[in-house]
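The next block holds one structure in the form of structure tokens; read it before the comments.
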Amino acid sequence: MDAALPLRKTRAVDIGACDHCGEALTPDAVREGERAFCCHGCAAASTWIRESALGDYYNLRTSPAGRVQADAADFGAWDRDVVLAEHSRIVPGGREITVLTDAMRCAACAWLIDRALRRQAGVLDAGANAVTGRVVVAWDPQRVALSTLMQRLAALGYRPWLATGEAREQAQRRERRRWLLRLGVAGLGAIQAMMFAEALYLDTAQQMPVATRDFFRWITFLVSTPVVFYSGWPFLEGMWRELRGRRLGMDTLIAGSTLLAYFASLFETLRGGTHVWYDAAVMFVLLLLVARMFEQRARGIASAQIDALARARPALALRERDGSVEQVPVGDIALDDVLRVAAGEAVPADGVLLDHAASFDEALITGESTPVRREAGEPALAGSICRESSARLRVVRTGADTRLSQLTRLVEQAQSARPQLARAAERVAGGFVVALLLCAVATFAWWLVHEPARALEVTLALLVVSCPCALSLAIPSALTTAHGALARIGVLGVREDALSTLARVDRVVLDKTGTLSNGRPELDSVATFEGMDAPDALAIAAALERGSMHPLAQAFAHVEDDLFAHGVHALAGSGIEGDVDGTRWRLGRADFAASRTDDGAIWLGDGTRAFARITVRETMRDDAREAVAALRDAGIAVELCSGDSADAVASFARQVGIESFHARQTPEQKLARVRAAQAGGEVVAMVGDGLNDAPVLAGADVSLAMAEGAALAQRAADFVVTSPSLLRVPQAIVLARRIQRIVQQNLAWALGYNILAIPLAATGHVTPWIAALGMAGSSLLVTLNALRLGRRERNERRAA
């Protein structure tokens, strides 16, 4: 046995529980002598473990094993060249792959996996990490297939899946290791340099022998060189880029100050001068590296959403075809394929549930912490986790068209955007560098005339203490943290400058269908004319609405028909028309579809005659009233503006507590009302989801589109609310206001610090190493102040 494993001899099962996984036994439990198992899978796993002389696993474990799935998937697709090329890497003697499993719960699990795999012929090496849930396997494909090894893991209760996004994770790990190594070198070098510098500083009476003094200086030179040129390489590289681009920035000032201190010290060492400043150079690099790593941590927290989205979609899927089930790469999935998703697995593509209801964890996509129950015929989103029981679904969107891929692109766009406020801060910092260099030249000239021995020291301290790192970090760190906090509650920023506008909102205009309502309308009644019967009318309506992203289309999703519409064209605010079986049909408002007086119902006609009148029911979102109240509490006026009938709009307005509402509004009329409010000096936010909301979403000062709505509406919006909760709207506004305060605090501190520090440094009251400490402390302060927003948001979510 491994000495590193804990010596606890705790049994993880109780009487009446499975001897392998610890689950409660049922009347049809499998019994083998004194041991009982919940299923044949667990019994087979236990038998293999004991026959392989690995029975000590049961004594070592501190948590029960995972239940062995009787219908474990076939891993044959893992042996395909396309899968191996993407997810494994070549190593001496074979290939190596990293897989994930969530059933590894203690060190004994890792011990068992390690030995079980190593006993398979052809395995070169194996290692399991119980903390991360990762299993690394190196094997010889000529001797054993990867699918055989994965089948062994699954047979023990450790169902594996491919670690998607592995390339991104490896690149991030390599980058973190490089930064940590640089920080370690800088830390060790700074400690040694300060020790020798302290010996020189303590020689206040200048009684140290010259040979000893020079020895300390050369030793300090040796330990400082790797710090300046290895640990400080990111700043040197940044200076080179800035100089090639013919601009002066923060890296130019950092690298220039470091090189000035280093080479001036080397010059003084060579000529036996009075002062050296190696300690200032290494402390500058060390403290700036610490500040830069805090900044990267802030960005990493904000970009965690995109990393999670990149890993959300599985690499393989179970597809039903010709009465059999096969495992295929996600890239081979096509529209209308029928997929099977086991409990605990991620949905590989957007689809519609078949057979029965199922629960899905959509926390990553929508921000909802509790699983959402979907009935047969309702959508299941790629990246959501199937809970409780397995599900079957028919694929409706694949690849880049899935909601998960769209959200990934939105997050990437938000992370890469450079807000105007951040660009302005960088321009100010660039101008500040120029002014600082001029001030440094003047300071050096003054001290050179009055006290030449201190001229270089004072100038160096001035350059270091006033480095505009805090000014350059003040806004980007805050905005990055804000976008991360918004993403965690289910609000994705699309436009780079929308956050500052959202903080100044005075009025929110809400759409009704899909915004205040839950977006799942149901058929209420069908009246027919001209000899048309109800099933035929619904079949034609369903054919016209098939593929439409308008919320009302969901009312016809359960209608079974074999009709198809061609040449479908939507007229925003009126309805939809297309050819069905050679006849041109219209579906929508009465005046559009049947040349009748509008009465709020949905009409089917040919443009002049009415063939059916269809009414639908809509239910209000559970939190609509609470969201409206939260907006009012924030001092924001709320208005309802909808294209639906007056009665329906008035009813919704009364239910949610909105006093100002307008019905039968065309897109042009909605936009006109927004323009009128803007002309009155108000900052207007529009919340909508439909195709007809796109013009007003684009025309409002800031706009939020519900993720269930039309893609055009999302492209026109500044934010996409991925959560089904309308409460995300007031929460986003509150977060935006908080971030505005943090930005103001950061800017005030950065400017106040420089106003105080520059005169002190110019008058010789600050030494270079103290200047480096003050500069790094200032940068850390603004970064930590920005991270405070993320901590507060997480605390509030936990409390909720």
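Test S574 against the stated conditions and say whether it is open to solvent by less than 60 Å² (accessible area, probe 1.4 Å) and under 41 Å from the mean Cα position of the chain (by Cα). Spell out the reasoning first.
Values: open to solvent by less than 60 Å² (accessible area, probe 1.4 Å): yes; under 41 Å from the mean Cα position of the chain (by Cα): yes.
Criteria met by S574.
When the residues of segment 40-65 are narrowed to those that are surrounded by 21 or more Cβ atoms within 10 Å (Cβ to Cβ) and part of a loop (DSSP other than H, G, I, E, B), which ends up modelled with the highest pLDDT?
The qualifying residue modelled with the highest pLDDT is R61.
Please go through segment 703-729 and pick out each residue that is open to solvent by 10 Å² or more (accessible area, probe 1.4 Å) and modelled with pLDDT of 85 or more.
L727, R728
Name the residue, out of V325, V282, that is open to solvent by 20 Å² or more (accessible area, probe 1.4 Å), of a type outside the set (K, R) and modelled with pLDDT of 75 or more. Please lay out each step first, then the result.
Working: V282 fails: open to solvent by 20 Å² or more (accessible area, probe 1.4 Å).
Just a single option satisfies the conditions, and that option is V325.
Name the residue, out of A594, A553, A590, A610, that is in the same structural domain as T528 (by TED's automatic domain parsing), hydrophobic (A, V, I, L, M, F, W, C) and under 42 Å from the mean Cα position of the chain (by Cα).
Numbers: A594 fails: under 42 Å from the mean Cα position of the chain (by Cα); A590 fails: under 42 Å from the mean Cα position of the chain (by Cα); A610 fails: under 42 Å from the mean Cα position of the chain (by Cα).
From the options A594, A553, A590, A610, the qualifying one is A553.
Please determine, by comparing only the residues of segment 539-560 that are under 15 Å from A593 (Cα atoms) and not small (G, A, S), which one is modelled with the highest pLDDT.
Filtering segment 539-560 down to residues under 15 Å from A593 (Cα atoms) leaves 540-541, 544-545.
Still in the running and not small (G, A, S): 540, 544-545.
Working: I540: 88, L544: 85, E545: 81.
Applying the filter and picking the extreme gives I540.
Within segment 559-566, can one find any residue that is open to solvent by less than 70 Å² (accessible area, probe 1.4 Å) and within 30 Å of A685 (Cα to Cα)?
Within segment 559-566, the subset open to solvent by less than 70 Å² (accessible area, probe 1.4 Å) is 559, 561, 563, 565.
Now drop any that are not within 30 Å of A685 (Cα to Cα), which leaves none.
No: segment 559-566 contains no residue that is open to solvent by less than 70 Å² (accessible area, probe 1.4 Å) and within 30 Å of A685 (Cα to Cα).
Identify, from the list E320, E268, E295, E237, the residue that is among the acidic types (D, E) and modelled with pLDDT under 75. Don't jump to the end; show me each part of the working.
Numbers: E320 fails: modelled with pLDDT under 75; E268 fails: modelled with pLDDT under 75; E237 fails: modelled with pLDDT under 75.
Just one listed residue meets the conditions, E295.
Taking segment 634-684 only, how many residues are in a helix (DSSP H, G or I), in contact (Cβ under 8 Å) with a residue 40 or more places away in the chain and more than 27 Å from F592 (Cβ to Cβ)?
Number of matching residues: 2.
Just to be sure, is A186 over 25 Å from L288 (Cα atoms), of a type in the set (G, A, S) and either modelled with pLDDT of 85 or more or not in a loop (DSSP other than H, G, I, E, B) (or both)?
On the way: over 25 Å from L288 (Cα atoms): no; of a type in the set (G, A, S): yes; either modelled with pLDDT of 85 or more or not in a loop (DSSP other than H, G, I, E, B) (or both): yes.
Spelling it out, it is not the case that A186 is over 25 Å from L288 (Cα atoms), of a type in the set (G, A, S) and either modelled with pLDDT of 85 or more or not in a loop (DSSP other than H, G, I, E, B) (or both).
Looking at segment 601-620, which of its residues are buried (at least 22 other Cβ atoms within 10 Å of the Cβ) and touching a Pro at 6+ places or on another chain (Cβ under 9 Å)?
Hit for segment 601-620 is E618, nothing else.
Criterion first (surrounded by 15 or more Cβ atoms within 10 Å (Cβ to Cβ) and either touching a residue at least 12 places away in the same chain (Cβ under 8 Å) or more than 21 Å from P379 (Cβ to Cβ) (or both)) does A594 satisfy it? Steps first, please.
Values: surrounded by 15 or more Cβ atoms within 10 Å (Cβ to Cβ): yes; either touching a residue at least 12 places away in the same chain (Cβ under 8 Å) or more than 21 Å from P379 (Cβ to Cβ) (or both): yes.
Yes, satisfied.
The values are calculated or read from the model by the stated rules, or taken from the named source; none is laboratory data. Quick caveat, the model's predicted, so the values are computed rather than measured. Reconstructed Cβ throughout: ideal geometry from the backbone, glycine too, with neighbour counts over all protein chains shown. Surface accessibility is based on the protein's heavy atoms, side chains included, excluding ligands, DNA and RNA. Shrake-Rupley method; radii C 1.70, N 1.55, O 1.52, S 1.80 Å.
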